[in-house]
Structure formats: C-alpha cells, structure tokens
Amino acid sequence: MDKRERDLLKIFGTILLTVGVGVWGVYAVLRFGIGWDVTVRQFLPYHLAGVVPGMILRRHRFFQGIVRRLLS
C-alpha cells in the first residue's frame, strides 16, 4: 500500500468520523430547535456507523500491526 492510498484511507476515516459526530448536531436541531419527539436510540446507530469504521480507517496501521502479530 503506497503513501497516497494510506492518505486516502485516513481522509475517508476523518470524513466518517465527522459525519458520525455530526449526527448529534442534527439530533439537537430536531429535538431542541424544532421540538420534534426524537430519541437518542434513533440516532445512535448512525453515530456508531460513522465513528467505529472511521476510527478503524484512521488507525488502520495500528490494527494492521495487531493482525500481523496475531497471524505470525
């Protein structure tokens, strides 16, 4: 994997993290700004779907090292 590809993975991970955290902004606007009856449970899956893979992509070299040590 070359340096450019690693940079793209890190950028994509950052985008996923930003979107995953940004879900709470949408929640706050809907809940407190507009007054809709929304719950945290409705937004948590989208938050986790962005944050978990985003963090894995940002730290892919760390996880790659763990997998290599486990398989060797």
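What follows draws every value from the coordinates through simple rules; no lab data is involved. Because the structure is predicted, anything quoted here is derived from the model rather than measured. Glycine also receives a Cβ, built like all others from the backbone with ideal geometry; neighbour counts cover every protein chain displayed.
Compute the acute angle (0 to 90°) between the alpha-carbon long axis of helix 3-28 and the principal axis of greatest extent of the alpha-carbon atoms of the chain; round to the nearest 10°.
With rounding to tens, the tilt is 20 degrees.
If we count other beta carbons within 10 Å of each Cβ, what is the order of Lys3, Lys10, fewest first?
Lys3, Lys10
If I model a spin label as a point 7 Å beyond the Cα along the Cα-Cβ vector, how far apart are those points for Arg31 and Arg59 in nm?
It works out to 2.6 nm between the two label points.
How much length, in nm to one decimal, is gained on full extension between Leu70 and Ile11, taken as 0.36 nm per residue of separation minus their Cα-Cα distance?
Roughly 18.5 nm would be gained on extension.
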